[in-house]
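Notes follow the structure.
The values are calculated or read from the model by the stated rules, or taken from the named source; none is laboratory data. Just so we're clear, the structure is a prediction, and the values are computed from it rather than from any experiment. Cβ atoms come from the backbone with ideal geometry, glycine included; neighbour counts cover every protein chain shown.
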DNA sequence: ACAACGATTAGCTATCTGGCTAATAGTTCT
DNA sequence: AGAACTATTAGCCAGATAGCTAATCGTTGT
């Protein structure tokens with residue numbers, strides 16, 4: 001049972017904020033998240049890499065950072081890897097921190 | 001005056017996002033913003049520096065980064081410098097970007 | 001005028017980051 | 001089995017970042 005619109009956001013730690021904001025610091029990583037978002041939230045590593053000018057291994061590493069921050073999840077499918085956007089995580093962690101600044 | 005779309009906040013460019021997310025990437029800078037927030041949004045450089053373990057010049061540099069991102073504004077007052085939190089900027093830039101991920 | 005104060009700038013260093021190419025691992029196809 | 005395909009890991013390197021101390025600048029107080 002998953003609660004999508006939970007009123008209470010379960011513990012978002014300082015480490016979570018650290019990982020997520022560090023991941024968002026780089027334009028390519030933000031771009032990857034956007035691309036994922038507008039392609040339905042699910043793409044293979046190759047599809048993602050194809051959309052960027054940098055070499056594939058560089059994209060792979062960006063994906064690792066995003067994964068480490070919990071912003072994407074990866075699933076092996078045959079010889080491909082499918083990356084899935086975790087929108088909830090993005091909203092929860094940024095929201096939890098930004099909320100402090102609301103009036 | 002450039003107006004891109006009716007119900008949009010005034011132009012938030014990619015450069016804005018770049019500066020703001022880069023500034024938010026470091027824990028000390030996020031902490032500075034929080035301290036400012038909960039001390040009424042206005043503090044002198046010394047008051048801020050006192051709350052951090054690192055040397056004063058290091059804090060000064062963090063303040064420069066925050067200022068460059070438009071997240072704080074500085075005003076000279078005698079021999080002190082008063083830093084003021086720009087909450088609107090924080091909300092606008094992060095909001096403009098995060099909005100893409102809403103359902 | 002001069003000392004004390006508040007803060008920044010200059011300059012150095014170690015570490016982190018992000019880019020690349022080459023090598024490797026696992027999967028699928030013939 | 002072996003070639004082709006998808007993706008990652010390993011390893012290198014240049015540039016950015018963040019920490020420090022010392023020097024400097026402008027303001028205030030004696």
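General observations
- Single residue of B:61, B:103, B:89 found to be within 14 Å of chain A (Cβ to nearest Cβ) and modelled with pLDDT of 95 or more: B:89
- Residue-level check: of (1) within 14 Å of chain A (Cβ to nearest Cβ); (2) part of a helix (DSSP H, G or I), residue B:40 misses just (2).
- Every test in (1) under 19 Å from residue B:21 (Cα atoms); (2) surrounded by fewer than 19 Cβ atoms within 10 Å (Cβ to Cβ); (3) touching a residue at least 40 places away in the same chain (Cβ under 8 Å) is passed by residue A:67 save one, and that test is (3).
- Test for residue A:16: is it away from DNA strand C (no atom under 11 Å from the Cβ), in contact (Cβ under 8 Å) with a residue 40 or more places away in the chain, more than 10 Å from chain B (Cβ to nearest Cβ) and assigned to a helix (DSSP H, G or I): yes
- Qualifying residue in region B:69-86 (condition: within 16 Å of DNA strand D (Cβ to nearest atom), under 14 Å from the mean Cα position of the chain (by Cα) and within 12 Å of chain A (Cβ to nearest Cβ)): yes
- Within region B:31-61, restricting attention to residues that are more than 22 Å from residue A:97 (Cβ to Cβ) and in contact with a helix residue (DSSP H, G or I) (Cβ under 6 Å, 6 or more places away or on another chain), the residue that is surrounded by the fewest Cβ atoms within 10 Å (Cβ to Cβ) is B:56.
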